[in-house]
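Have a look at the structure below before the remarks.
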Amino acid sequence: MTAIGWAQIALILGLVVATAVPLGRYTAAVAAGHVTFLAPVERLFYAAGGVDPARGMGWKAYTLAMLASNAVGFLLLYAILRLQGVLPLNPEGVGGQSAWLAFNTAVSFVTNTNWQAYSGESGLSYLSQMTGLTVQNFISASTGIALALALSRAFAAGAVKDLGNYWADLVRITLYLLLPLALLLGLLLVAGGVPQSLSPYIQATTLEGGTQTIPLGPAAFQVAIKQLGTNGGGFFGVNSAYPFENPTPWTNLLQCWAILAIPFALALTFGHIVRDIRQGWALFAVMMGFVVAGVAIVYAAEAGGNPLHIAAGVDPATGNMEGKEVRFGVALSALWAVATTGASNGSVNAMHDSFTPLGGLVPMLMIQLGEVLPGGVGSGLYGMLVFVLLAVFVAGLMVGRTPEYLGKKVGAKEVKLAMLAVLILPAFILGFSAVAAVLPVATASVQDAGPHGLSELLYAYTSGAGNNGSAFGGLTADTPWFNTTIGLAMLFGRYGVIVPVMAIARAIAAKPKLAASSGTFPTHTPLFIGLLAGVILILGGLQFMPALALGPVAEHLVLATGKTF
Amino acid sequence: MDSSPAFHPGEARRTTRGGALLSGPIVRRAMLDAVVKLDPRHLVRNPVIFVTEVVSILVTVLAVRAAALGEAWAFQAGIALWLWLTVLFATFAEAVAEGRGRAQAESLRRARTEAQAKLLLRTDDRALWLPRAATELRVGDLVLAEAGDLIPSDGEVVEGIASVNEAAVTGESAPVIRESGGDRSAVTGGTLVVSDWIVVRITAAPGSTFLDRMISLVEGASRQKTPNEIALDILLAGMTIFFLIAVATLVGLASWNGQPPSVAVLAALLVTLIPTTIGGLLSAIGIAGMDRLVRFNVLATSGRAVEAAGDVDVLLLDKTGTITLGNRQAAGFIPVPGVTERDVAEAAVLSSLADETPEGRSILAFARERYGIEAPALPEGARVIPFTAQTRISGLDLPQGGYRKGAVDALVRSLGGEVPAELRAAVDRIARAGGTPLAVAKDGRLLGAIELKDIVKTGMRARFDALRRMGIRTVMVTGDNRLTAAAIAAEAGVDDFIAEATPEDKLAYIRKAQAEGRLVAMAGDGTNDAPALAQADVGLAMQTGTQAAREAGNMVDLDSDPTKLIEVVEIGKQLLITRGALTTFSIANDVAKYFAILPAIFVASYPELGALNVMGLASPESAILSAVIFNALIIVALVPLALRGVRYVPVGAAALLRRNLLIYGLGGVAAPFLGIKIIDVILVLLGIA
């Protein structure tokens, strides 16, 4: 580890903190309908949809509207992917996706996962990229944020039914938050060298006389929203490790900031909505604490290098550079790996498969802990609030009162729904991984033997169920088995959490808001921050320990002995 | 009463029933009950322990099969044995808690004899009655109860006055007066009329009398899970599912590279990970909480009420009898110029020799205490001037002179003079401070004044300070005027007061506080308290109160001591804290268990994972067995804590959380490391592993 490396990490994280403050307040204003500079455009959408934005929705109406809009989005995207071969804007003549792959891809983008079992430059037309994926990059992000706003409102007021209007939330977030930011970031990325072009791929002749196809496309703006909306689906196959998707350390800085900016800001938005910003900072602190700790571990592990390489004579000072881009180095790769997994983004600027065992363990664990550190846009906040309810429930008893959070009593119903939401990840990650580990049709896709192979398998389902979308690598994922099972994991990982969360919102909203006294324990202190972190580790992490012991932990210990598989 | 602020609800005092935490007969009976409770139909109510039982059966079957097939079976049998013990310890904990309640119920049941009632045929003739079994009485029947009769059922006195021994219910053998009308009209079935007679209108159907309800409450027969208990149960069930998934999927995951662990080993891992500690102790904690209230002579109609007590934000306390001693007492002598305090004191004593009121007694006591003046016996030939509402003066004519005391204005007027300015100032000061001034005269000469004060009970200020730290506001309710109320409120240190309070004022205050999102507790005894008692989240009715009040409240204090509201709140908090602390402890235990079992399970596939064996456990078998044994023993070890409750300290929530997190959170992480290591060492020494 070097001081320069840490300075780079501190610069990016510092930028995230600095922008979270205004961005958090601005998003709260957008949510409250106070931002109106595009009011005519906004009204156009409402008129077209026959929506009254001032009309509040109960949890059922809100959830059904969300599910309906997502279902339509899924069908549309599926159709585009299947039919892209006969649709325009396809200069390379890419054919339609198979039914398995199109199902997987459509689910992936609708659920804000962006797991990619295809490679962008060879598997998608420009039309699919622009009208299919980019649209979903916006919509799935707005959906997540809208749901988080609905849940936040439930904590803000006493005894209400109304959680806000889904359509208004969707339109306002897209129009006032995501579009302007994406436009700005897209322009900066173009300036930084990311292509934004509709021209066909370039055939170049190399110095050795061979021909090389250089893929192009309308990449810059899609990359912007892929990061801002914690989508993560790369325009090109190797994602932000590719020089055209992420050419320089400066574009890397912008993109890495963009991954974390909105999820962190939303923690503060929550503070604004419940009219106690300290509550927002407490959640922010827990998220940031995990990110910093995660980066420290990955950075240390990667900077330490691979003992086998060092034994073979590689300079230990360079650290483990396998699978990393030289223009980013170990520090920025470590930060990105933790940011993209913590934030449910899933874009990569290095190959996680090539990390040291511990360096690979941390990204996997960041997802398994529930995608709340800081989690995807919106989904991170509502996931975190689920953990908050559980933390308050267990520890709140210890002050001698039935537990409450922000004046809302936490009872049997909330605990049941919260447990249901938290149960989804272990059920789908461990369930599918265990079956895949013994099923020949699945094991055939795994590249490596020994514990590393198990990590590859475990990571794939972790990424899917956690709606992260990053690939560890080393897994041939475009098979009917993986397309289907990972598709299911993504679906349940998204909606299996959302529906209980919205039911929680309803239950919480209906409760009276009790006054705080010195008998209620404060939920903004360092003590609570530590407690919440502990609960996330224990309730979110303990059930993965046996699996992790068999995967990266075993690999780490075995590697130290010099044994390979 | 003793109201020391250092009271801890766990240490029952002033109780009439109780005893050691675990006595021999209770434990012996509980051991038997623990086995009976293994019935899966009973255990299914407790998901964590039910899963443990299912797993125990599975491992037992496997051990038997292995033995039959001539394979190695000792390890499996050892695991099976300790899994069964885990289940047994859990059912034992519940049985012990129930046993303690049952012992109390027995003593109550003895009081519920088959009484014969004297059923009156006509309301106006006490001579005409028929014998009728108490169990056949119906609501509305009129019965006669005379000296020596057991009152056959709960009811309301409609005629007569009698002294009643209520020891069967309250444990207090001094008889109490029951009379028609007013706030002392409720009688309880099973209590004994000691003198005189009363006519009682029956208000409870057979089987649902106060005594019946008490018995079923302390026995836990009608025990339903409280809302918080249900929520906790769900959390524990959820965690059980978590670990079921984690352990079941290990079969597949471990097959990736090597053999999956055996069923016995997976069973051991599962049972040690699921929260058996809190799962096994949860119902014992609930029963013990109710039990603590009962020992404290308070009956709650439901566990829900006990939990609500822990949540209370506002306490409404009656001034008289709760905050103050109830009677005005002498607190000073103020002389007019030219007279000494001692002269005033002596005159006051002599004028009060025949005064039998508490105020009069307090003057003698105060003079003796302050000036060492011993009151002489009432001399022969003394003429007593009794107090009347007209004169408002009383006194004594003795050979050495005539002594008078009385209301300042009345006495001064009778002497035919003016109040000296100095005395006037003192009198005004006393009135402002909430006291009552009395003037004292000898032979027609004004000597000075006696200050009578509403004395705040000792230690109340400290209690209220403690409550404030707990986040609870105390509100004094009094019929006094604002001025007086303010003075006493300031002296007692309450946060707010309601002066010149009517029952409507109380009700309005409670509604207002509730509308602000606060939970309110109050104590009351009169019929006019009933609406407020019903409105309050916790309503503590006095046993001596009216039937209406007792029905309206959700708790009844058998000692009729409204101060106990404070302890009731503390008991409620203690119950919740105990639950939270043991849950935290149980969950925190898992960390160490992973370090014990995971390396043991996987060491065959990856010998390198032995590095995780930080405790240095002797062998994989001893490691697994030690973890299982620790997991079982910790339940028994914590039974006393579950029954007694975690000590409650009245500090702010933040401090309380820090303290309990440190003890039960960090302690919960550390304890099993030590415990498992010790058990492992013992196993090695015994040559078992």
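The values are calculated or read from the model by the stated rules, or taken from the named source; none is laboratory data. This one's a predicted model, so the numbers in the text were calculated from it and none came from an experiment. As a convention, Cβ positions derive from the backbone with ideal geometry for all residues, glycine included, and neighbour counts pool all protein chains shown. For the accessible areas, the whole protein counts, side chains as well, though only heavy atoms, and no ligand, DNA or RNA atoms are used. Shrake-Rupley method; radii C 1.70, N 1.55, O 1.52, S 1.80 Å.
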- prompt: Residues of segment A:15-43 being open to solvent by 30 Å² or more (accessible area, probe 1.4 Å), of a type in the set (Ser, Thr, Tyr) and touching a residue at least 12 places away in the same chain (Cβ under 8 Å), which ones?
  reply: A:THR19, A:TYR26
- request: May I ask you to say which residue of B:GLY402, B:GLY416 is at positive phi and either open to solvent by less than 40 Å² (accessible area, probe 1.4 Å) or without any contact (Cβ under 8 Å) to a residue 24 or more places away in the chain (or both)?
  value: B:GLY416
message: Condition check: at negative phi and within 9 Å of chain B (Cβ to nearest Cβ). Does A:ILE529 satisfy that?
response: no
- prompt: Which one of these does A:ASN468 not meet: (1) of a type outside the set (A, V, I, L, M); (2) within 30 Å of A:VAL386 (Cβ to Cβ); (3) open to solvent by less than 10 Å² (accessible area, probe 1.4 Å); (4) outside any loop (DSSP other than H, G, I, E, B)?
  reply: (4)
task: Please work out if B:LEU467 is within 14 Å of chain A (Cβ to nearest Cβ) and in contact with a Leu (Cβ under 8 Å, 6 or more places away or on another chain).
output: yes
- request: Pick out the one residue from B:LYS512, B:LYS573 that is within 14 Å of chain A (Cβ to nearest Cβ) and either outside any helix (DSSP H, G or I) or under 17 Å from the mean Cα position of the chain (by Cα) (or both).
  value: B:LYS573
- request: Among what's in segment B:579-607 and is surrounded by fewer than 22 Cβ atoms within 10 Å (Cβ to Cβ) and among the β-branched types (Val, Ile, Thr), pick the residue that is nearest to the other protein chains (Cβ to nearest Cβ).
  value: B:VAL591
- line: Of the candidates A:GLY411, A:GLY396, A:GLY376, the one satisfying the condition of being surrounded by fewer than 23 Cβ atoms within 10 Å (Cβ to Cβ) and touching a Ser or Thr at 6+ places or on another chain (Cβ under 9 Å) is A:GLY411
- prompt: Looking at segment A:113-121, is at least one residue of a type in the set (Asp, Glu), in a helix (DSSP H, G or I) and in contact (Cβ under 8 Å) with a residue 24 or more places away in the chain?
  reply: yes
Selection within segment A:60-89 - touching a residue at least 40 places away in the same chain (Cβ under 8 Å) and within 22 Å of the chain's Cα centre (by Cα): A:THR63, A:MET66, A:LEU67, A:SER69, A:ASN70, A:GLY73, A:LEU77
- request: Check B:ILE161 against each of (1) more than 26 Å from B:VAL298 (Cβ to Cβ); (2) modelled with pLDDT under 85 and name the one condition it does not meet.
  value: (2)
query: Consider B:SER185 against the criteria (1) out of contact with any strand residue (DSSP E or B) (no Cβ under 7 Å at 6 or more places or on another chain); (2) buried (at least 18 other Cβ atoms within 10 Å of the Cβ); (3) modelled with pLDDT under 85: it satisfies all of them except one. Which criterion is unmet?
result: (1)
message: Condition check: at pLDDT 95 or above, aromatic (Phe, Trp, Tyr) and out of contact with any strand residue (DSSP E or B) (no Cβ under 6 Å at 6 or more places or on another chain). Does A:TRP115 satisfy that?
response: no
- prompt: Do any helices (runs of 4 or more DSSP H) lying entirely in segment A:371-457 carry at least 2 residues that are facing chain B (nearest Cβ under 7 Å), and which ones are they?
  reply: A:379-396, A:412-438
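Here's the yes/no breakdown for (1) open to solvent by 10 Å² or more (accessible area, probe 1.4 Å); (2) not in a helix (DSSP H, G or I):
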{"position": "A:GLY132", "(1), (2)": "no, no"}
{"position": "A:ALA141", "(1), (2)": "no, no"}
{"position": "A:ILE145", "(1), (2)": "no, no"}
{"position": "A:ARG153", "(1), (2)": "yes, no"}
{"position": "A:GLY158", "(1), (2)": "yes, yes"}
{"position": "A:GLY164", "(1), (2)": "yes, yes"}
{"position": "A:ARG172", "(1), (2)": "yes, no"}
task: Please work out which residue is modelled with the lowest pLDDT, limiting yourself to segment B:354-374 and to residues that are part of a loop (DSSP other than H, G, I, E, B) and charged (D, E, K, R).
output: B:GLU356
- prompt: Do we have A:ILE508 as away from chain B (no Cβ under 12 Å) and in contact with a strand residue (DSSP E or B) (Cβ under 9 Å, 6 or more places away or on another chain) here?
  reply: yes
So B:GLY280, is it away from chain A (no Cβ under 14 Å), more than 30 Å from B:GLN543 (Cβ to Cβ), in contact (Cβ under 8 Å) with a residue 12 or more places away in the chain and under 30 Å from the mean Cα position of the chain (by Cα): yes
- line: Across (1) among the charged types (D, E, K, R); (2) surrounded by fewer than 24 Cβ atoms within 10 Å (Cβ to Cβ); (3) in contact (Cβ under 8 Å) with a residue 40 or more places away in the chain, A:LYS416 clears everything bar (3)
- prompt: In the set B:ILE274, B:ILE285, B:ILE241, B:ILE198, which member is of a type outside the set (Ser, Thr, Tyr) and within 29 Å of the chain's Cα centre (by Cα)?
  reply: B:ILE285
- prompt: Only one of (1) more than 37 Å from the chain's Cα centre (by Cα); (2) modelled with pLDDT under 95; (3) hydroxyl-bearing (Ser, Thr, Tyr) fails for B:SER626. Which number is that?
  reply: (2)
message: Return the residues of segment A:536-558 that are more than 9 Å from chain B (Cβ to nearest Cβ) and surrounded by fewer than 23 Cβ atoms within 10 Å (Cβ to Cβ); say none if nothing qualifies.
response: A:LEU537, A:GLY541, A:LEU548
message: Looking only at segment B:21-50, how many residues end up being surrounded by 12 or more Cβ atoms within 10 Å (Cβ to Cβ) and among the acidic types (Asp, Glu)?
response: 1
Qualifying positions in segment B:642-666 - within 14 Å of chain A (Cβ to nearest Cβ), part of a helix (DSSP H, G or I) and open to solvent by 20 Å² or more (accessible area, probe 1.4 Å): B:ALA654, B:ALA655, B:ARG658, B:ARG659, B:LEU661, B:LEU662, B:ILE663, B:TYR664, B:LEU666
- request: Output the residues belonging to segment B:466-496 that are of a type outside the set (A, V, I, L, M), within 16 Å of B:THR563 (Cα to Cα) and in contact (Cβ under 8 Å) with a residue 40 or more places away in the chain.
  value: B:ARG473, B:THR474, B:THR478
- prompt: Can you name the residue in segment B:487-506 that is out of contact with any Asp or Glu (no Cβ under 9 Å at 6 or more places or on another chain) and surrounded by fewer than 18 Cβ atoms within 10 Å (Cβ to Cβ) and is also nearest to B:ARG184 (Cα to Cα) among such residues?
  reply: B:THR502
message: Being more than 14 Å from chain A (Cβ to nearest Cβ), of a type in the set (A, V, I, L, M, F, W, C), surrounded by fewer than 22 Cβ atoms within 10 Å (Cβ to Cβ) and not in a helix (DSSP H, G or I) is the filter here; which residues of segment B:612-641 pass it?
response: B:MET615, B:ALA618
message: When you check B:THR502 against the structure, is it hydroxyl-bearing (Ser, Thr, Tyr), without any contact (Cβ under 8 Å) to a residue 40 or more places away in the chain and out of contact with any Cys (no Cβ under 8 Å at 6 or more places or on another chain), yes or no?
response: yes
